[in-house]
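Step one of this worksheet: look at the structure below.
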Amino acid sequence: MSSISVEEDGGRGSMWDLDQKLDQPMDEEAGKLRNMYREKKFSSLLLLRLAFQSLGVVFGDLGTSPLYVFYNTFSHGISDPEDVIGALSLIIYSLTLVPLLKYVFVVLRANDNGQGGTFALYSLLCRHAKINTIPNQHRTDEELTTYSRQTYDENSLATKVKLWLEAHNLKKNVILVLVLFATCMTIGDGILTPAISVLSASGGIKVNHPEISKDVVILVAVIILVGLFSLQHYGTDKVGWLFAPVVLLWFLLIGAIGAINIWKYDSSVLKAFNPVYIVRYFKGGRRNWTSLGGIMLSITGTEALFADLSHFPVLAIQIAFTLVVFPCLLLAYSGQAAYIIRHQDHVFDAFYRSIPGSIYWPMFIVATAAAIIASQATISATFSIIKQALALGCFPRVKVVHTSRKFLGQIYIPDINWILLLLCIAVTAGFKKQSQIGNAYGTAVVLVMLVTTLLMIPVMLLVWRSHLIFIFLFTALSLIVELTYFSAVLFKVNQGGWVPLVIAAAFLLIMYVWHYGTVKRYEFELHSKVSLAWILGLGPSLGLVRVPGIGFVYTELPSGVPHIFSHLITNLPAIHSVVVFVCVKYLPVYIVPIEERFLVKRIGPKDFHMFRCVARYGYKDLHRKDDNFEKMLFDNISTFVRLEKMMEGYTDSEAGTFDAQKNGRTVDLVAAENDDTLYSNVEITTSHSSQDSIVPAQSGALRSKHSTYQGGISTSSAPASQTTSDEYDFLNECKDAGMVHILGNTIVRARRDSSPLKKIAVDYIYAFLRRICRENSVMLNLPHESLLNVGQIFYI
């Protein structure tokens, strides 16, 4: 076996001293960057301004629920006025327990640097426990300024939970399926929220003009939906400033109308604040129990509140909800209840009938605008969560358009947009009753809430390290409320509740099959990667003609030589003068700062002219068209070469040459390759350990700790024309000669002895998704004329 000698820690020599000197300012800068990404402290005036702006982004969906809650609760009419009081009491305490206590004051704190949703929770867990199903992370990734994590005592409960989660792949897959299921239900929300909100708002036309047929109302709703989805590609940057004033006006109007109705019709509805009426309501039998599905619509939009957290500070959300949203919603529901007690036959359109006649049409306009804004927030959340799923390898590659130069999170996905539109129209026009849409909506919402509760348990254990009593109280209260509502929506599955289940099942199938194929492709590359000993044994020419130019070889592996490279050089008689292995990988962080994105290191001696470049992205990072990825790759390699020269120059002048075999310890070459200790890893912006930062040199002036090769591998120094001082010019000459991007086109097939289910999933579903998804070269905006695809087939 080929081996290579390295020095012991005690013989680090002068390069260790240089490494320490270079690391000091890097650590200081990393600290500054890390502080930039912590939640900032805002002044009181700025907090109030952000709280005002959050109304238009976060609370639209929750705020439009009064349009349809009582209609869906009493879809079969009212048999006892006391039931209205009981339903109102359930609404009051549901709003208190779920949006106010659970989400606003607990769950929002589990954000990932300002990002919310189930994928944010999953990212937090992936950073604190090794549950990522694609193990492509490296220890250097943990040094990112946005990669925050906790450390644990060996005997702590958090450590035991961490080890328990990491023990078996089954547990990792269960967590992944839960996250994907919640994601699919959120996509269902993106379909059902526009349908029910816009249809409910459009229903105001029929209230004031009873002669208008229901088909006209549906037609108006469909026209609004078509217009809403058709304008998505423009983004909300230019009209977003209108959202907050409109939603604030909406909350103030429904709160004021509710207060007037309480005073005007029946102030006794305020006794609903007594929870005794909840117990009395449940004594009404199965009919009242199943009506919980309608009552639960009062808290729809709560999960969107978490998903749309965006970059608003948690304190601003808490201020907006407690001072504006919560009291206005309580007044609105109480006012409607007071009106319904006096006019029980108006329960189906109580919202519009309870509006004073003098402001009816202005209120109709504001209601329609609020419904559109609520729909827009849900659509944007759907785009965002699909982008996160795509980045984590759980969704086929689709076109993502950045619609704003000011705000990172404003994106548009054309393919998903038109799918949502078609499904929205089908739901709006297909259901004969609005209550059926409400049943579907309630099923989707309660399932997402249940998944969030389950994911919060490991988050509180691993990330927050909360006391067990707090975790028990949070979980128990959440499950009592949510399982109660879940039991009610089960009765509505055949009355529209099946819709989100079918939608979720379709998207879950797509996402899980795609992720399964992605994992298998990564495992294939990992197990079939080529030994570095074989590459180095070929000599500097690699046994081929080295033609002028730079060849970028793309691989899923952050270390090792990919199989496609050996496949290429065994079938072609030539290879480029400079070879760069490029790995583009996504990490469980929301963004990777551009100054920390690229890691560059050298592979083998200098005369081989081989490098590795790892490009790291977060799940919110975008590949913009104006980003010249090819230029960024070359610039980072050039920077690496210049930094390497600076390090050698410093050592030559200050410390001279040190002996690479001072202590004579040897390690196996292949083993060194696997743990990445063979190569230097000069990180341009982040701090690094000693074993990763020493640059190997084959020049006569300096030899690194990896400079002496045994077992037939060349140990001669590079000629003078190829020393580091000339390498920068050599790189530029190769750049002028041309750059080629070599990508692997790996085809996945199921083995002949595989089960029929696996054959269908791999040979048909995954193969179809691969054909229709965008190529990696398109996602990275690589020049088409410089592409070279290397085909290969493997069986799983």
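The values are calculated or read from the model by the stated rules, or taken from the named source; none is laboratory data. Keep in mind that what you see is a predicted model, and the values were worked out from it rather than measured. Here the Cβ is made from the backbone with ideal geometry for all residues, glycine too, and neighbour counts use every protein chain on show. Just so you know, the surface numbers come from the protein's heavy atoms only, side chains and all, with ligands and any DNA or RNA stripped out. Shrake-Rupley method; radii C 1.70, N 1.55, O 1.52, S 1.80 Å.
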Note on region 206-221: residues assigned to a loop (DSSP other than H, G, I, E, B) and either open to solvent by 80 Å² or more (accessible area, probe 1.4 Å) or farther than 21 Å from Ala369 by Cβ (or both) are Pro210, Glu211, Ser213
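This table checks each residue for (1) open to solvent by less than 30 Å² (accessible area, probe 1.4 Å); (2) touching a Cys at 6+ places or on another chain (Cβ under 7 Å); (3) among the hydroxyl-bearing types (Ser, Thr, Tyr); (4) under 30 Å from His209 (Cβ atoms).
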{"residue": "Ile262", "(1), (2), (3), (4)": "yes, no, no, yes"}
{"residue": "Tyr265", "(1), (2), (3), (4)": "no, no, yes, yes"}
{"residue": "Pro313", "(1), (2), (3), (4)": "yes, no, no, no"}
{"residue": "Ile319", "(1), (2), (3), (4)": "no, no, no, no"}
{"residue": "Tyr339", "(1), (2), (3), (4)": "yes, no, yes, yes"}
For region 544-557, which positions are over 14 Å from His609 (Cα atoms) and open to solvent by 20 Å² or more (accessible area, probe 1.4 Å)? Tyr554, Glu556
Scanning region 341-354 residue by residue, the ones that are under 18 Å from His209 (Cβ atoms), over 40 Å from the mean Cα position of the chain (by Cα) and surrounded by fewer than 24 Cβ atoms within 10 Å (Cβ to Cβ) total 2
For Ala488, state whether it is part of a helix (DSSP H, G or I), modelled with pLDDT under 90 and of a type in the set (Gly, Ala, Ser). yes
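From the set of residues in region 770-784 that are of a type in the set (Lys, Arg) and surrounded by 13 or more Cβ atoms within 10 Å (Cβ to Cβ), which is modelled with the lowest pLDDT?
We begin by selecting, within region 770-784, every residue of a type in the set (Lys, Arg); these are 770-771, 774.
Next, from what is left, pick out any that are surrounded by 13 or more Cβ atoms within 10 Å (Cβ to Cβ): 770, 774.
Details: Arg770: 88, Arg774: 83.
For region 770-784, the residue satisfying everything is Arg774.
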Among what's in region 587-597 and is in contact (Cβ under 8 Å) with a residue 60 or more places away in the chain, in contact with a helix residue (DSSP H, G or I) (Cβ under 9 Å, 6 or more places away or on another chain) and open to solvent by 10 Å² or more (accessible area, probe 1.4 Å), pick the residue that is nearest to Leu124 (Cα to Cα). Tyr590
Name the residue that is surrounded by the most Cβ atoms within 10 Å (Cβ to Cβ), counting only residues in region 465-478 that are part of a helix (DSSP H, G or I) and in contact (Cβ under 8 Å) with a residue 60 or more places away in the chain. Ser478
Residue ID - modelled with the lowest pLDDT, chosen from residues in region 184-204 that are farther than 10 Å from Thr428 by Cβ, assigned to a helix (DSSP H, G or I) and not hydrophobic (A, V, I, L, M, F, W, C): Gly204
Unmet criterion (only one of (1) at pLDDT below 85; (2) open to solvent by less than 50 Å² (accessible area, probe 1.4 Å); (3) of a type in the set (A, V, I, L, M, F, W, C); (4) farther than 30 Å from Asp627 by Cα) for Ile793: (2)
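Table: residues versus (1) in contact with a helix residue (DSSP H, G or I) (Cβ under 6 Å, 6 or more places away or on another chain); (2) open to solvent by 60 Å² or more (accessible area, probe 1.4 Å); (3) under 28 Å from Glu630 (Cβ atoms).
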{"residue": "Thr746", "(1), (2), (3)": "yes, no, yes"}
{"residue": "Arg752", "(1), (2), (3)": "no, yes, no"}
{"residue": "Asp763", "(1), (2), (3)": "no, no, no"}
{"residue": "Phe768", "(1), (2), (3)": "no, yes, no"}
Has region 576-583 got at least one residue that is of a type in the set (S, T, N, Q) and either in contact (Cβ under 8 Å) with a residue 40 or more places away in the chain or in a helix (DSSP H, G or I) (or both)? yes
Pairs returned, first residue in region 753-774 that is closer than 14 Å to Phe395 by Cβ, second residue that is assigned to a helix (DSSP H, G or I) and aromatic (Phe, Trp, Tyr), beta-carbon separation under 7 angstrom, 6 or more apart or interchain, are Tyr766/Trp514; Leu769/Trp514
Pairs please, first residue from region 209-221 and within 13 Å of Thr428 (Cβ to Cβ), second anywhere and among the small types (Gly, Ala, Ser), Cβ atoms under 6 Å, 6+ apart in sequence or on different chains. Val217/Ser202; Val217/Gly203; Ile218/Ala429; Val220/Ser202; Ala221/Ser202
From the options Ala338, Ala320, Ala304, Ala316, residue that is in contact (Cβ under 8 Å) with a residue 24 or more places away in the chain and more than 30 Å from Ile386 (Cα to Cα): Ala338
When you scan region 584-611, how many residues do you find that are closer than 22 Å to His563 by Cα and part of a strand (DSSP E or B)? 9
Hey, Leu501 in a helix (DSSP H, G or I), over 27 Å from Tyr281 (Cβ atoms), modelled with pLDDT under 90 and in contact with a helix residue (DSSP H, G or I) (Cβ under 8 Å, 6 or more places away or on another chain) or not: yes
